[in-house]
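No lab work stands behind these numbers, since they all come straight from the coordinates. From a predicted model like this one, the values you see are computed outputs, not experimental measurements. Ideal geometry is used to build each Cβ from the backbone, glycine not excepted, and the neighbour counts take in all protein chains shown.
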Amino acid sequence: MKIRKAVVTSAGWGTRFLPATKSQPKEMLPLIDKPIIQYVIEEAVASGLEQIIIVTALGKHAIENHFDRSFELEHVLRQKGDERLLREVQRISELASICYIRQKEQLGLGHAVSITQDLVGDEPFALFLPDDIIEAEVPAMKQMLQVHDRYGCSVVAVETVPPENTAAYGIISPKQVEERVYQVLDLVEKPEPEEAPSNLGIVGRYILTPEIFSVLKETPPGKGGEIQLTDGLRLLLQQQALYAYRFQGTRHDTGTPLGFLKASVELALHCPDLASEFKEYLRKLDLPH
Ligand code: UTP
């Protein structure tokens, strides 16, 4: 079945970025000159997804405003004769058909996904966690959709994580079925290195079958009292096969200040307008050892 819909969860508190996120959404922090969430929406569009459902919460209006038209701003840019910026702000408002649903209580990622059931309906869908920005020649979600086409099951994106970092990821127990594709035999949430069944960690891209909704209803609150998507996936695994795909590309975890900083530097080094001056600046930095 062709996948048409994308869910983007952006209702979290973003506590790791306080105080920056006290009155603005984490997803609107800019990487170079674009808010984080725009990278993800552009990936969804470039992957051929037609409708985007963003899960928001109290204090997240800036996200809706960003993807809406701003007639005043367009008027100002037109008067200034800045055609390039005018086209850019218009392009953002025409990127995709987006609808919003509010998560009234932040009861976890699994809960955020579950409230989209009526909007998604009885069809498989793509899920994006906007903390993860993926630079790739072929958009990471587009690669995953091809895997879903072949196997018809839920697919999670995985990457090889350093053994000492397994406790930061959901780790899969894999059975390789083709290059980059694994059948998931089990999932372990944030295992210590000696308990990790592999070094393949789940990152923020998923394709989920609609059965995830009934499963999430049965998923008890887990770590931190939140309904965890990984717990839901473990229950789903008892009903149907789940695959993992080791995507081609580079993931940046923008969900922590250090990850955000690294992503900003790496993207700047890949940005044609900034790279050479920025490299020059970095070279001249007298870094203390
Ligand atoms: P995180 O675990 O990174 O939480 O959520 P967070 O709130 O974004 O950030 P910290 O940990 O407080 O700094 C993973 C994803 O799940 C979404 C988040 O927006 C993020 O995309 N989420 C989490 C929700 O939409 N609702 C929730 O109740 C929890």
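What residue among Gly259, Gly110, Gly81 shows peak mean-square fluctuation when the chain is described by a Gaussian network model with Cα springs under 10 Å?
Gly81
Search the structure for amide H atoms under 5 Å from the amide H of Ser154, placed 1.01 Å from N in the peptide plane, and list their residues when 5 or more places away or on another chain.
Long-range HN contacts for Ser154: Thr209, Tyr243.
Please state the relative contact order of region 4-151 as a whole percent: Cα pairs under 8 Å, 6+ residues apart?
In percent, rounded to a whole number, it is 37.
Can you work out the base-10 log of I(q)/I(0) for region 208-289 at q = 0.12, 0.24 1/Å, using the Debye formula on its C-alpha atoms alone?
-0.63, -1.14
Please give the net charge around Tyr100, taking every other residue with its beta carbon less than 14 angstrom from that of Tyr100, where Lys and Arg add +1 and Asp and Glu add -1.
Here the count lands on 0.
Quick check: net charge around Lys262, other residues with Cβ under 12 Å of its Cβ, Lys/Arg +1 and Asp/Glu -1?
Here the count lands on -1.
Could you list the square roots of 5 times each eigenvalue of the Cα gyration tensor of region 179-226, that is, the equivalent ellipsoid semi-axes, sorted largest first and rounded to whole Å?
22, 18, 9
Give the residues of region 47-78 whose amide nitrogen is closer than 14 Å to a point set 7 Å from the Cα of Val89 in the direction of its Cβ.
Zone members listed by number: 65-78.
How much net charge surrounds Val45 when only other residues with a Cβ under 11 Å from its Cβ are counted (Lys, Arg +1; Asp, Glu -1)?
Charge balance near Val45 sits at -2.
Rg(Cα) of region 80-209 divided by 2.2 N^0.38 Å?
Cα-based Rg divided by the globular estimate yields 1.30.
Return an integer: the convex hull volume of the alpha-carbon atoms of region 71-156, in Å³ per residue.
Given the Cα convex hull of region 71-156, per-residue volume reads 163 Å³.
Through the Karplus equation 6.51 cos²θ - 1.76 cosθ + 1.60, θ set to phi - 60°, convert the phi angles of region 230-236 into ³J(HN,Hα) values in whole Hz; use x for Gly and Pro.
Per residue, the Karplus-derived 3J(HN,Hα) values read 4, 4, x, 5, 5, 5, 4 Hz.
Once the convex hull of the C-alpha atoms of region 44-100 is built, how many Å³ does it hold per residue, rounded to a whole number?
Expressed per residue, the convex hull around the Cα atoms of region 44-100 is 79 Å³.
Using Cα pairs closer than 8 Å and at least 6 residues apart in sequence, work out the relative contact order for region 77-222, in percent.
Relative contact order, region 77-222: 27 percent.
Can you work out D for region 125-182 in µm² s⁻¹ from Stokes-Einstein, where Rh is the Kirkwood radius over C-alpha pairs, the temperature is 4 °C and the viscosity is 1.567 mPa s?
99 µm²/s
The chain: Rg/Rh from Cα coordinates, Kirkwood Rh?
Expressed as Rg/Rh, it is 0.98.
Over the chain, what is the mean sequence separation of C-alpha contacts under 8 Å (at least six apart), divided by residue count, expressed as relative contact order in percent?
21 percent
Could you give the nm distance between label points at Leu107 and Lys190, where each point is 7 Å from its Cα heading toward the beta carbon?
A separation of 2.1 nm, rounded to one decimal place.
Sort 184-190, 172-178 by the packing proxy (mean of other Cβ within 10 Å over each peptide's residues), most packed first.
184-190, 172-178
Return the calculated 222 nm mean residue ellipticity for the chain, to the nearest 500 deg cm²/dmol, obtained by summing -39500 (n - 2.57) across DSSP H runs with n ≥ 4 and dividing by the residue count.
-10000 deg cm²/dmol
Mind checking the dipole of region 92-237: about its Cα centre, +1 per Lys or Arg Cβ, -1 per Asp or Glu Cβ, Debye to the nearest 20?
I would put it at about 240 debye.
What are the residues whose amide H is under 5 Å from the amide H of Gly170, where those residues sit 5 or more places off or on another chain and H is modelled from the backbone?
Here Lys190, Ile202 satisfy the definition.
Under 5 Å between amide hydrogens, which residues at least 5 positions from Thr9 or on another chain qualify, with H placed 1.01 Å from N in the peptide plane?
Amide H to amide H, under 5 Å and 5 or more residues apart or across chains, Thr9 pairs with Val55, Phe128.
Cα convex hull of region 155-251: how many Å³ per residue?
99 Å³
Between Glu72 and Glu211, what length comes free when the chain is fully extended (0.36 nm per residue of separation minus the Cα-Cα distance, one decimal in nm)?
In short, 45.6 nm is gained.
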